[in-house]
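Some notes on the structure that comes next.
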There are 2 protein chains.
Amino acid sequence: MIKIAVPKESELGELRVALVPDTVSRFIKLGFEVLVQSGAGLGAHFTDGDYQAAGAQIISSADQLWTEADLLLKVAPPGEQNGQQEMDWLKPGAVLISFLDPLGNPEKIQALAQRQITAFSMELIPRTSRAQSMDALSSQASIAGYKAALLAAASLPRMFPMMTTAAGTIPPAKVLVIGAGVAGLQAIATAKRLGAVVEAFDVRPAVKEEVQSLGAKFVEIPIEEDTATKGGYAKEVSQNTQERIRQVLTEHVKKSNVVITTAQVQGKRAPIIVTEEMVAEMDSGSVIVDIAADRGGNCACTEPGKDICYNGVHVIGPLNLPATLPVDASQVYAKNLLTLVKYLVKDGEFQLNFEDDIISEACVTYDGQLRNARVKEALSRLVNA
Amino acid sequence: MIKIAVPKESELGELRVALVPDTVSRFIKLGFEVLVQSGAGLGAHFTDGDYQAAGAQIISSADQLWTEADLLLKVAPPGEQNGQQEMDWLKPGAVLISFLDPLGNPEKIQALAQRQITAFSMELIPRTSRAQSMDALSSQASIAGYKAALLAAASLPRMFPMMTTAAGTIPPAKVLVIGAGVAGLQAIATAKRLGAVVEAFDVRPAVKEEVQSLGAKFVEIPIEEDTATKGGYAKEVSQNTQERIRQVLTEHVKKSNVVITTAQVQGKRAPIIVTEEMVAEMDSGSVIVDIAADRGGNCACTEPGKDICYNGVHVIGPLNLPATLPVDASQVYAKNLLTLVKYLVKDGEFQLNFEDDIISEACVTYDGQLRNARVKEALSRLVNA
């Protein structure tokens, strides 16, 4: 019987939890045993009692929980507690499934391999329709996009919707969303719901229709290079293309009340798209919400984790937005994990077929080895730097 | 030529301004002269240059501005600066139009009368269709209701809309709005826009249809007394009725993720509708936004101006919500003032016909006398206390 362990997240501000009580009871029905660290769900408003009622056993000490795990399910990459590496508590051969930031922090992946941990990185679940229900990057990005639009609305000194009052009409706010991936599309949808006039830009022309189907205008910038990876994520574009994008966006940024930026390139620092000059041309009282702040930000004025005022423009660089909606974020993340674990485990045992693209891409360490080519490359860049 | 003066608001956190540049130019076209204190518009993101371009003259000193005014237009009641009462700077016979809190602060109205100021209180504009375009209480309440729903959404650890993802469905948040006046209706509309499931309650059965027309459910509580003033505002109800309302609301509060309270009784402390016991029964992670915090609050746990956590429930008691959207709030307020002033001034002079209900009700001091019966009553209660 596989023993699943769910620790209390130790990273500051991480209010999510890997499993919610509802998924715990589903795992138990499937024949798993589930251990939950005391207080693991509090940030997401689930009590130990809720987990016990779902059939989990509550463990008070962190190291005991980690040591007993056959399968440790987590949200943020393993960290440190009281000077000890959490991953050092895992027994060799244990399986770890979590966000691991494998391209940003390849040494940690190497350390997991050395400790004989089988690790799956939720960031590397392929973006295929078969893997859609395990795609935690998307489920969390969707929540981040919603919250970004809300933050913008709550910070703007004017309303999003048009208001027709007896004293005249207030025009709707103008919102520009840069990057129309999952987060961007949800930001567009939320801003539209609130009544704003929305336009959006993305280097991938393929998303134009999705943007338009949400009622937003697509900013057209002809680009003559390939801008999407085969997985559908955005690629880094050439200097030339970046320059052309900046020229066109300058005009659009200038006339917007709100700019929401969501552009990320996997494993790299986020590209600077909104320059200091563009911010300087915005009206006083405008707002920028830079979802890419976790990766350094898309705006030159962004200070990750801070809320600053540049020349009357409010620049918000929120970190870990999904954790600000921990109830729903944990719930969908837990379902992503449930689907993945059911996919990996047959007849009560892990059966890892590396011919399978989901398993092959998401599994970063196995049998003492670092498996993923991109992670190896990131590591070698680091070693040679 | 009537000289209009627009001061910089001196109250802490008051970011609104009585006139925006657009209304300044309209006043000038009508033949008024307009003086604006330097920096008056900064909180609402209008510069001195914007006002100058509209034809205003910029005055740097506050007392000079007040002294020169034939007609002083303001947002918050006159206050104090460096130990001096702002109203003492006005010349006898000057006209003051502002929110004045006449029922809450009748001594200030008496002082205005003694100083021979003709004062109009924006709170006392009658609620008739003829006066609708001057009704600043409504225009500002509408903005407060929008912002209250946004604050609730931004504080809730779950999403407002239902989300159907590949990993399953997140149910929509449940929002209860108590008090369906202008602010309540706008809160309902905004929560609905964001995708929440909304129900609402008001002591006035007449608002049921308006609530339903916004797609919200009306909570029915049979009440056997008259609950609205002839002006359409809510009246204070009997102990018995309050008790019955509490019984029914307890169940509704308990199952809500968000409660937005907006119940006010003109000139009185806001009624306590959500008791401590009700809050204690709400789920951890629920949110209460108490718009009535300015008047003491509708929730027993509210601390006006603070954001507290009671037993896992987030209780937000915001003060002066319209001032958090100063651009739009100033714009509609300025239009309310424009309409009122046009109504009071004929052929370049104030012509006050006290047979007219708008003038008779809103004018609280004239010719050295306190005019309004309710203000007199409030003052005598205070003197006899």
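The values are calculated or read from the model by the stated rules, or taken from the named source; none is laboratory data. Keep in mind the model is a prediction, meaning the values are calculated, not measured. Reconstructed Cβ throughout: ideal geometry from the backbone, glycine too, with neighbour counts over all protein chains shown. Just so you know, the surface numbers come from the protein's heavy atoms only, side chains and all, with ligands and any DNA or RNA stripped out. Shrake-Rupley method; radii C 1.70, N 1.55, O 1.52, S 1.80 Å.
If the reach is capped at under 18 angstrom between alpha carbons, list the lysines near residue B:255, excluding any in the same chain fewer than eight residues apart. Here the lysines satisfying the reach criterion relative to residue B:255 are B:174, B:192, B:217.
Between chain B and chain A, roughly 3400 Å² of accessible surface gets buried, counting both sides and using a 1.4 Å probe. Amide H contacts for residue B:81 (H built 1.01 Å from N in the peptide plane; partners 5 or more residues away or on another chain; cut-off under 5 Å): B:86.
Evaluating 6.51 cos²θ - 1.76 cosθ + 1.60 at θ = phi - 60° for every residue in segment B:249-265, the Karplus couplings come out as 5, 3, 5, 6, 4, 4, 8, 8, 7, 9, 10, 10, 10, 9, 7, 9, 10 Hz, glycine and proline recorded as x. Accessible surface of segment B:338-380, 1.4 Å probe: 41 percent of it comes from carbon and sulfur atoms. In a DSSP loop and with at most 11 other Cβ atoms within 10 Å, there are no trypsin sites (Lys or Arg not before Pro) in segment B:1-82.
Using a probe of 1.4 Å, the accessible surface attributed to residue A:278 totals some 10 Å² when neighbouring protein chains are kept in position. The same position residue A:356 in the other copies lies at 8.0 nm from this copy, comparing label points 7 Å beyond Cα toward the beta-carbon, shortest first. Couplings for segment A:310-317, taken from phi via the Karplus curve 6.51 cos²θ - 1.76 cosθ + 1.60 with θ = phi - 60°, read 10, 6, x, 9, 8, 10, 9, x Hz in order; Gly and Pro are left as x. For segment B:1-147, a/c is less than 1.5, where a ≥ b ≥ c are the root eigenvalues of the C-alpha gyration tensor. That puts it in the rounded class.
Taking K and R as +1 and D and E as -1, what net charge do the other residues with C-beta under 9 Å from the C-beta of residue B:181 add up to?
Details: positive: B:204; negative: B:202.
With Lys, Arg at +1 and Asp, Glu at -1, the neighbours total 0.
Counting only DSSP H runs of at least 4 residues, each contributing -39500 (n - 2.57), and dividing by the residue count of chain B, the helix-based mean residue ellipticity at 222 nm comes to -10000 deg cm²/dmol. Across all directions, the average flat footprint of the convex hull enclosing the Cα atoms of the protein assembly as shown is 36.4 nm². Rolling a 1.4 Å probe over the protein chains gives residue B:46 an accessible area of about 40 Å². The HN-Hα couplings worked out from phi for segment B:91-97 by the Karplus form 6.51 cos²θ - 1.76 cosθ + 1.60 (θ = phi - 60°) are 7, x, x, 5, 10, 10, 10 Hz, whole numbers, x standing for Gly and Pro.
Interface residues of segment B:328-375, defined as those losing at least 20 Å² of solvent-accessible heavy-atom surface relative to the isolated chain (probe radius 1.4 Å), are listed as B:328, B:331, B:332, B:335. Counting, for every residue in B:202-214, the Cβ atoms of other protein chains within 10 Å of its Cβ and taking the mean gives 0. Does segment A:314-385 come out rounded, prolate or oblate, given a ≥ b ≥ c as the square roots of the eigenvalues of its C-alpha gyration tensor, rounded meaning a/c under 1.5 and, failing that, prolate meaning a/b above b/c? Oblate. For residue B:217, the point set 7 Å out from Cα toward Cβ sits 4.1 nm from its twins in the other copies, listed from shortest up. For residue A:268, a cut-off of 24 angstrom between C-alpha atoms picks up these lysines, skipping any fewer than 8 places away in its own chain: A:74, A:108, A:147, A:230, A:235, A:306, A:376.
Other residues whose C-beta falls under 15 angstrom from the C-beta of residue B:49 contribute a net charge of -4, scoring Lys and Arg +1 and Asp and Glu -1.
For residue B:298, the residues 5 or more places off, or on other chains, whose built amide H falls under 5 Å of its own are B:292, B:293. The relative contact order of segment A:142-323, computed from alpha carbon pairs under 8 Å that lie at least 6 residues apart in sequence, is 20 percent. Summing charges over all other residues whose Cβ lies under 12 Å from the Cβ of residue A:86, with Lys and Arg as +1 and Asp and Glu as -1, gives -1. DSSP finds beta bridges in segment A:73-208, and of those with both partners inside it, around 35 percent are antiparallel.
Seen from a random direction on average, the alpha-carbon convex hull of chain B projects onto 20.9 square nanometres. Taking every C-alpha pair closer than 8 Å and separated by at least 6 residues, the mean separation divided by the residue count of chain A gives a relative contact order of 18 percent. The other copies place their residue B:283 label points at 3.9 nm from this one, listed shortest first, where each point is 7 Å from Cα along Cα→Cβ.
Amide H to amide H, with H built 1.01 Å from N, residue B:57 comes under 5 Å of B:34, B:35, B:36, counting only residues 5 or more places away or on other chains. The Kirkwood hydrodynamic radius of segment B:142-323, based on inverse pair distances between different Cα atoms, is 16.1 Å.
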